[in-house]
Amino acid sequence: MVLSSNQRSELEGLARSRDRRLARRAEIVLAVSEHGMSHGAVARGLKASPPTVRKWRARYEERGVSGLVDAPRSGGPKATLTVSGAQRAELDRLARRSRTNRHLAFRAKIILACADGTNNIDVAAHLRTNASTVGKWRKRFVRDGVDGLLDEPRPGAPRTVTDEDVEAIIVKTLEEKPRGHTHWSTRTMAKAAGISHTTVGRIWRTFGLQPHIVKGFKISHDPLFIEKVRDIVGLYLNPPDHAVVFSFDEKPQIQALERAQPILPMDFGQPERQTHNYIRHGTLDLFAALDVASGKVVAQTKKRHRSEDFVAFLRTLDAAVEPELQVHVILDNLSAHKAPKVKRWLARHPRFHFHFTPTYSAWLNLVERFFGLLTQRALKRGSFRSERELKKAIFAYIDAHNDEGKPFVWTKTADEILNTVKRFGQRTLQVHGSNGNELMPESTDPGD
């Protein structure tokens, strides 16, 4: 193929066109016109197929540039999409439901984009779908309005479990118990309701019912619960200047347990195995103070956790902190922490400030998260033949933790915590009535 200078100039202009299809076809014709370029070589260079190259060469030779332009497609004009104010408000509401009904939210976003005058291809590219999907839901909306975005009834056999049956199972789960049992199982409920246990399981999962699970709780009756929560959370989220904040607690009676037989290591298709019985070799008490800012831990092990042992640890903590810094210590209400010996030591060291957690509120003490990881990662699966081995394992984990230097991040504000407690209290009173009064503190909100 030989091109004149005018033809080549025109094709080069089309190759820079914003119409990607037209630009692509112009590039094919220009490549074919190069001396010695076969259809196969052009196809490989432009990542096209040889039939495509032959097609657009023939079209250009037959009709020139007009042969590269798409012919008008058959069919009627595209229906006009008009969205009223009420429909737009409903579509906006549906588009925000991406977590509860993502399919309906996606369809609403398509209609909103089309209503702004964007063509189907651009809407499809923006929402990462194809133009036929956009056209489908556009057509359904023009025909049926917002109702056209809903799923049509699917074919199949009629439902055998009615809404009334589902309601009866939920009520029975929440308000009754099987004879001689503390809770329902899927099979006992299926027998009582006359349906399959898999259907019971689906209903329970849909409504978040878990009769097989029980969790513990304890509401604090501390009269200063609100003030203490605000004080401690304030230290976590906004620590004072020129000060260090420690979260302190003891982990008492850590047992040096030796498994009765050697631990069998993990193998292909087989987890690590250990015997259920063990030999005791004594216990240790771990004193640990977590630096809230850095995540590093200052720790000691002792045989007991008396007031004199606590004072000895405070001396260690005092030596570990620069003398010009104030020291704030978050700790629980153990009697050893309030003994006269401790009070005398605090009087001689005025830079130390104690912040006691509310009663039954160990979850406020950040060092408890460290104790949980220590147990999970270093103690639970270990086998220790002496207290010395146990102590070595504890401090090996602490050294690794300190080298990592990653602090725990407290995210809940005091208001969020108090509001959660308040909602729990209100829910308890709604469900249990006057029987729930003895569970709740007198007030869970300073404004009450």
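The values are calculated or read from the model by the stated rules, or taken from the named source; none is laboratory data. In this text the structure is predicted, and so the values were computed from the model without any measurement. With ideal geometry, Cβ positions are generated from the backbone for all residues, glycine too; neighbour counts draw on all protein chains shown.
Determine whether SER132 is among the polar types (S, T, N, Q) and surrounded by 14 or more Cβ atoms within 10 Å (Cβ to Cβ). Taking the combined requirement at face value, the residue does not satisfy it. Which one is farthest from the chain's Cα centre (by Cα), of the residues in the range 391-411 that are outside any helix (DSSP H, G or I) and either β-branched (Val, Ile, Thr) or surrounded by 13 or more Cβ atoms within 10 Å (Cβ to Cβ) (or both)? Within the range 391-411, the match that is farthest from the chain's Cα centre (by Cα) is PRO407. Filtering the range 185-199 to residues that are part of a loop (DSSP other than H, G, I, E, B) and either under 23 Å from ARG159 (Cβ atoms) or touching a residue at least 40 places away in the same chain (Cβ under 8 Å) (or both) leaves GLY194, ILE195, SER196. Do we have ARG143 as assigned by TED's automatic domain parsing to the domain that holds ASP92 and touching a Cys at 6+ places or on another chain (Cβ under 6 Å) here? No: the conditions fail for ARG143. Scanning the range 92-110 turns up one or more residues that are touching a residue at least 12 places away in the same chain (Cβ under 8 Å) and in contact with a Phe, Trp or Tyr (Cβ under 6 Å, 6 or more places away or on another chain).
Within the range 370-394, being within 22 Å of ILE263 (Cα to Cα) and of a type in the set (A, V, I, L, M, F, W, C) holds for LEU373, LEU374, ALA378, LEU379, PHE384, LEU390, ALA393, ILE394. Residues in the range 317-354 that are crowded, with 18+ Cβ neighbours inside 10 Å and in contact (Cβ under 8 Å) with a residue 40 or more places away in the chain: LEU317, VAL321, VAL327, HIS328, VAL329, ILE330, LEU331, ASP332. Given the condition modelled with pLDDT under 95, among the acidic types (Asp, Glu), surrounded by 14 or more Cβ atoms within 10 Å (Cβ to Cβ) and not in a strand (DSSP E or B), answer yes or no: does some residue in the range 212-229 qualify? Yes, the range 212-229 has at least one match.
Scanning the range 128-145 for residues that are modelled with pLDDT of 90 or more and either touching a strand residue (DSSP E or B) at 6+ places or on another chain (Cβ under 8 Å) or aliphatic (A, V, I, L, M) (or both) yields VAL134, VAL142.
Residues of the range 112-123 being at pLDDT 90 or above and either among the small types (Gly, Ala, Ser) or in a loop (DSSP other than H, G, I, E, B) (or both), which ones? Correct list: ALA113, ALA115. Sub-6 Å Cβ pairs linking a first residue in the range 200-225 that is under 17 Å from ARG187 (Cα atoms) to a second residue that is in a helix (DSSP H, G or I), at least 6 apart or interchain, are VAL200/THR186; VAL200/MET189; VAL200/ALA190; GLY201/THR186; ILE203/VAL166; ILE203/ILE169; LEU209/THR173, ordered by first then second residue.
Hey, does the range 155-172 have a residue that's of a type in the set (A, V, I, L, M), under 16 Å from HIS103 (Cα atoms) and either modelled with pLDDT under 90 or surrounded by fewer than 15 Cβ atoms within 10 Å (Cβ to Cβ) (or both)? Checking the range 155-172: not a single residue is of a type in the set (A, V, I, L, M), under 16 Å from HIS103 (Cα atoms) and either modelled with pLDDT under 90 or surrounded by fewer than 15 Cβ atoms within 10 Å (Cβ to Cβ) (or both). For the range 179-198, the set of residues classified as over 15 Å from ILE213 (Cβ atoms), buried (at least 17 other Cβ atoms within 10 Å of the Cβ) and among the hydroxyl-bearing types (Ser, Thr, Tyr) consists of THR188 only.
I'm checking my understanding of the structure. Among residues of the range 285-316 that are surrounded by fewer than 19 Cβ atoms within 10 Å (Cβ to Cβ) and assigned to a helix (DSSP H, G or I), which one is farthest from the chain's Cα centre (by Cα)? Checked the range 285-316; the qualifying residue farthest from the chain's Cα centre (by Cα) is GLU308.
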